[in-house]
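Beneath this line is the structure, given in structure tokens, with notes to follow.
Only the coordinates and a few stated rules stand behind these numbers; no lab work does. This is a predicted model, so every value here is computed, not measured. Here the Cβ positions follow ideal geometry from the backbone for every residue, glycine too, while neighbour counts run over all protein chains shown.
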Amino acid sequence: MRNEDSYGIGDDPIGGADNNPGVARAARKVGESLGELGRALSDTREGIVEPLAGFIQERPIAAVGIAFGVGYLLAGGLFSRTTGRLLGLGWRLGGMAIAKNIFASLSGTEADL
């Protein structure tokens, strides 16, 4: 037969704390620590959400683009054939611009991009 006091059902809310005061002290410390954790998470949330909301208000198109990119990566698009093609195209176009800048700086003239 089970002892109902050990499950917190009796008069004592933590079940038998009179027999073991260390349990009550530990439970109190855990409760205080959880309260501190909640306050820290709330402060961190305010520090992240407010600047993020400001960014979205100031640059909504960039925010949608970032959301699209993150969704694409999370959906597994990083190692797809389409990503390989886009990276290849970007590397070719970007590589040509970088090469023009390097050759222009070596020759002492400005590159026309």
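A crude spin-label estimate for the pair Asp43 and Ala62, with each label 7 Å from Cα along the Cβ direction, gives 2.9 nm. Global size of the stretch 18-93: 23.5, 76 Å for Rg and Dmax (C-alpha atoms, Rg to one decimal, Dmax whole). Segment Thr109..Leu52, full-extension length gain: 16.3 nm, with 0.36 nm per residue of separation and the alpha-carbon distance subtracted.
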